[in-house]
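Colleague: Questions regarding the structure given below will be posed in turn.
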Amino acid sequence: MPGYSAKVGNVELVSLTDGEGAGPPTAVFAASTIEQWREDYPELLDANEMIHPRYGSLAIRSAGKLIVVDTGLNGPDGKLLDEMKEKGVDSSAVDLVVLSHLHPDHVGWNLTDGSPTFPNARYIVSRADYEFWTSPAMAESDHVKGQVLPLKDLNILDLVDGEYNVTDELTTFPTPGHTPGHISLVISSGGEKGFVLADVAHSPAQAHYTDWNPGFDNDPDTAQKTRHAVLDRLEEDGSLVSAGHFPAPGFGRFVRTGGRRVWQGV
Ligand SMILES: [Zn+2]
């Protein structure tokens, strides 16, 4: 199986990358020091000591459905559609697009020139995130106007609550804090477990430094509680994790070694 795909029971995952950001790690994680990064995560720093959060999406084949989770930033070098072609994921065959939350780097390819990029798909988002981002204070954001509200007008957006069964093997799981209605996905198939992390964590460093909040958490205290609870659970149950902002392909497990929780890529 190529490195960009993984299996959880009968469920197939295909890692997709739209692009990546760049920033000083201590600007992203205010509680961290550059010494900690140099000492513990030199592999995550480039020559200028920047980190590069990936804009990752995921295609999932489950129970006869083709599902895309998150649609990237669609910046000047956005390559999600090229990646899909290269990896054999047909955009017109996508049945469902699940949006983990409504930040700009997760909804960028919802529409192309005003038409759905995935013409035969319904789009799914949590009601809590939709209500937050379409409140009067937020609805004027460019990405909400351009990539979210039209889905509602086209009547192809479904708002879901709590734990919603996307398929028999795939269930949404509320992980609030990063945004009010942020969701992850639990995969359960053939006795195996998987988890689509989305923005519960933004860097492998948070496996150990789980308290580190990125500056863009909407509610840092709740995000931190959620992160601890989720990473503890994933360490315990050994789920195969897909982490959209981690280095490609973003598949791995949270494991404990030498008294420290680490991200072990696969
Ligand atoms: Zn994000």
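Colleague: Evaluate E = 1/(1 + (r/R0)^6) for Val266 and Arg38, where r is the Cβ-Cβ distance and R0 equals 25 Å; express this FRET efficiency to the nearest 0.05.
Modeller: 0.45
Colleague: Need one number: nm distance between label points at Thr257 and Met138, each 7 Å from Cα along Cα→Cβ, rounded to one decimal.
Modeller: Each label point lies 7 Å from its Cα, and together they span 3.8 nm.
Colleague: Continuing with the same structure: Amide H to amide H, which residues 5 or more places from Ser62 or on other chains are under 5 Å from it, using H placed in the peptide plane?
Modeller: The list, which skips near neighbours in sequence, is Ile67.
Colleague: When the chain is fully extended, how far beyond the present Cα-Cα distance does Lys152 get from Lys7, taking 0.36 nm per residue of separation?
Modeller: 48.9 nm
Colleague: Just to confirm the number: angle between the C-alpha axis of helix 220-237 and the first principal axis of the chain, 0 to 90 degrees, nearest 10?
Modeller: 80 degrees
Colleague: For the chain, with only Lys/Arg (+1) and Asp/Glu (-1) charged at the beta-carbon, what is the dipole magnitude about the Cα centre, in debye rounded to 20?
Modeller: I would put it at about 500 debye.
Colleague: Would you list Arg253, Arg38 from fewest to most Cβ contacts within 10 Å?
Modeller: Least crowded to most crowded, the residues run Arg38, Arg253.
Colleague: Between Asp161 and Asp113, what length comes free when the chain is fully extended (0.36 nm per residue of separation minus the Cα-Cα distance, one decimal in nm)?
Modeller: 14.3 nm
Colleague: Pop a pseudo-label 7 angstrom from the Cα along the beta-carbon direction at both Lys65 and Glu86 and give the gap in nm to one decimal.
Modeller: Result: 2.8 nm between the two label points.
Colleague: Calculated from DSSP H runs of 4 or more alone, at -39500 (n - 2.57) each and per residue, what is the 222 nm mean residue ellipticity of the chain, nearest 500?
Modeller: -5500 deg cm²/dmol
Colleague: Next question, about the same structure. How high is the relative contact order of the range 5-265, in percent, with contacts defined as C-alpha pairs under 8 Å that are six or more residues apart?
Modeller: Computed over the range 5-265, the figure is 18 percent.
Colleague: Sort the following peptides by mean Cβ neighbour count (other Cβ atoms within 10 Å, averaged over residues), highest first: 49-59, 75-85.
Modeller: 49-59, 75-85
Colleague: Rank Leu45, Leu197, Leu170 by mean-square fluctuation in a GNM of the chain with C-alpha springs under 10 angstrom and give only the top-ranked residue.
Modeller: Leu45
Colleague: Working from the alpha-carbon coordinates of the range 53-192, get Rg over Rh, Rh being the Kirkwood radius.
Modeller: 0.94
Colleague: Round to the nearest 0.05 the FRET efficiency obtained for Arg127 and Asp219 when R0 = 22 Å and r is the Cβ-Cβ distance.
Modeller: Given R0 = 22 Å and the Cβ-Cβ separation, E is 0.80.
Colleague: Taking the alpha-carbon set of the range 187-227, what are its Rg and Dmax in Å?
Modeller: Final numbers for Rg and Dmax: 12.4, 38 Å.
Colleague: Can I ask one more? Measure up Lys152/Lys225; Lys87/Lys152; Lys7/Lys152; Lys65/Lys152; Lys145/Lys193; Lys85/Lys193 against 26 Å on the Cα-Cα distance and list the ones that go over.
Modeller: Pairs exceeding 26 Å: Lys152/Lys225; Lys87/Lys152; Lys7/Lys152; Lys145/Lys193; Lys85/Lys193.
Read-outs: derived from the displayed coordinates by stated rules, not from any lab. These numbers come from a predicted model, not from an experiment. Neighbour counts run over all protein chains shown; Cβ positions are idealised from the backbone, glycine included.
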